[in-house]
Amino acid sequence: MVRVPASSANLGPGYDSFAAALSFYLELEVEETGTDGVSVECDSPGVPCDRSNLCVRAFEWLHPADGLTFRIKSEIPVSSGLGSSAAAIVAGLTAADHMYELDAPLFDLAAEIEGHPDNVGAALYGGFVICSDDGPPVRFEPMAGLEGVLAIPPEPVATVDARAALPAEVPLADAVHNTAHAALLVLGLARGDLDMVSRGLSDRIHQPRRETLYPRSMELVRQARELGAVGASISGAGPTVLFWCDWQQTGALFERLRAEARECDVRRARFVPGGADVRAL
C-alpha cells in the first residue's frame, strides 16, 4: 500500500513554489488480479473508476496497468485546493516504481504530469518544500508547535478557473511585496517565530485576483487574527482556507470557526514531516 499526504500550496506569498504536507491521506493498493484491462475501486464520489483515474494514468507513465486492480481510499476532498490530484499522481508513480523496481525520477515525472511542482513536492517528500525551476525541491521540517485548521467551503473551485483568473504579468510592486514576505515566512518558520510567520503570510499576487471565485474564503482570511489564528492563506487554487495557529490555540480556533463558518467543513490539520510512504504492495 502507498500512503500519500494532502498538501497546501502557495502558503500566501509563495505562488507555485511553496507547499506543506498535511495530515489527510490517500491510500492506494495495487494488486495483480489477472483481470481483463484495469479494475478500479474508489471511495471518493465523482472520481472515475476506470483507466482515466489519475492514479492509474500516473502508474501507466511507468508501466502498463493491464491485469491490475487499484483500490483507492482518500480523506482528501477533490477540487478544494488540498492536493488531491498531486496525491493521486504521486501514489500511482510510487506504486509502479516500487512494484517494478524502476528507480524512476518520481518528482520530475509528477511535476510534469501535474503541471506545477509545489503540491507534488510536498506529497512526495513531506514537510515544507520550496520549489524552483533549476533543481529539486528544498525540504525542511515543520515548525514545532505550529498547527492548522481548515475551513473547506461546500462549492469547489476548478484549478483551471483559478489559473485563468491570473494575468500573465503583475505590477512590480506586487512582485516585490511577495518576494519580501516569502522570505519573512521562511525565516519565521526556520526560527520558530510566529510573529514573523504571521507577517510572512501576506500575498498580493494570486489571492486578491481570485477573490471573485471565493469571496467568502477571502472574508475568512481577513478575519483570521480576530478568530485567534496567527494568519491564514488560501490553500492552493482554493477555496479551502488554511488557518495557521499555535498548538495551544487550535481547539479554541476550531470552535470559533465552526460557529463563524457554519457552511464550511472545519477540520484540524497537522503539518506532517512524512511524504509518500510504501507500506506493502
Query raised in the report: Quick one: how many Å² of TYR214 are accessible to a 1.4 Å probe, rounded to 10?
Result: 10 Å²
Query raised in the report: For segment 66-225, what number results from the quotient of the Cα radius of gyration and 2.2 N^0.38 Å?
Result: 1.17
Report task. Let me see the pair-distance distribution of the chain: every alpha carbon pair, 10 Å bin width, integer percents in order. Result -> 7, 30, 35, 20, 7, 1
Query - Heavy-atom accessible area order for SER85, SER233, largest first, 1.4 Å probe - result: SER85, SER233
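Kindly state, to the nearest 0.05, the FRET efficiency for ALA173 paired with ASP133, given R0 = 22 Å and r defined as their beta-carbon distance.
Details: r = 23 Å, r/R0 = 1.06.
Once rounded, the FRET efficiency stands at 0.40.
Add +1 for every Lys or Arg and -1 for every Asp or Glu among the other residues with Cβ under 15 Å from the Cβ of SER7, and state the total. Provide the component values of the computation, followed by the final result.
On the way: positive: ARG3, ARG139, ARG267, ARG270; negative: ASP16, GLU75, GLU114, ASP118, ASP277.
Around SER7, the charge tally is -1.
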Query raised in the report: So what's Rg/Rh here for segment 136-281, counting alpha carbon atoms and using the Kirkwood radius for Rh?
Result: 0.98
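Using a 1.4 angstrom probe on heavy atoms only, work out the carbon and sulfur share of the accessible area of the chain in %. Intermediate values should be presented prior to the final figure.
Working: 6190 of 12320 Å².
Using a 1.4 Å probe with all protein chains present, the chain comes out at 50 percent carbon and sulfur.
What is the calculated FRET efficiency for VAL278 to SER23, with r their C-beta to C-beta distance and R₀ = 22 Å, to the nearest 0.05? Intermediate results must be reported in sequence, preceding the final value.
Values: r = 19 Å, r/R0 = 0.85.
Step by step, r from the Cβ atoms, then E = 0.75.
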Report task. Find the accessible area per residue for the chain; the probe is 1.4 Å, ligands and nucleic acids are left out, and the unit is Å². Result -> 44 Å²
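Report the charge-dipole magnitude of segment 1-120 in Debye, nearest 20, computed about the Cα centre from +1 at each Lys and Arg Cβ and -1 at each Asp and Glu Cβ.
On the way: 5 positive and 19 negative charges, 77 e Å.
The dipole magnitude comes to about 360 debye.
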Query - Which of GLY127, PRO153, SER44, positive extreme of dipole for the chain (C-beta unit charges) - result: PRO153
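About its Cα centre, what dipole magnitude does segment 52-168 give when the only charges are +1 on Lys and Arg Cβ and -1 on Asp and Glu Cβ, stated in debye to the nearest 20?
Numbers: 5 positive and 16 negative charges, 69 e Å.
Rounded to the nearest 20 debye, it is 320 debye.
What order, most packed first, do the peptides 41-49, 106-114 have when packing is the mean number of other Cβ atoms within 10 Å of each residue?
Working: 41-49: 12.9, 106-114: 19.6.
Most protected by this proxy first, the peptides run 106-114, 41-49.
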**Report entry** Calculated FRET value between ARG262 and ASP43, using beta carbons and R₀ = 22 Å, to 0.05
**Finding:** 0.25
Report summary line: In order over segment 152-160: 3J(HN,Hα) from phi, Karplus 6.51/-1.76/1.60, θ = phi - 60°, whole Hz, x for each Gly or Pro, gives 9, x, x, 9, x, 10, 6, 4, 4
Query - Local electrostatic count at GLY188 - Lys and Arg +1, Asp and Glu -1, tallied over other residues with Cβ under 13 Å - result: -1
**Report entry** When segment 127-208 is reduced to its Cα atoms, the Kirkwood hydrodynamic radius in Å
**Finding:** 15.0 Å
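The values are calculated or read from the model by the stated rules, or taken from the named source; none is laboratory data. In this text the structure is predicted, and so the values were computed from the model without any measurement. Cβ: placed from backbone, ideal geometry, glycine included. Neighbour counts: every protein chain shown. Note: accessible area is taken over every heavy atom of the protein model, side chains too, but ligands, DNA and RNA are not part of it. Shrake-Rupley method; radii C 1.70, N 1.55, O 1.52, S 1.80 Å.
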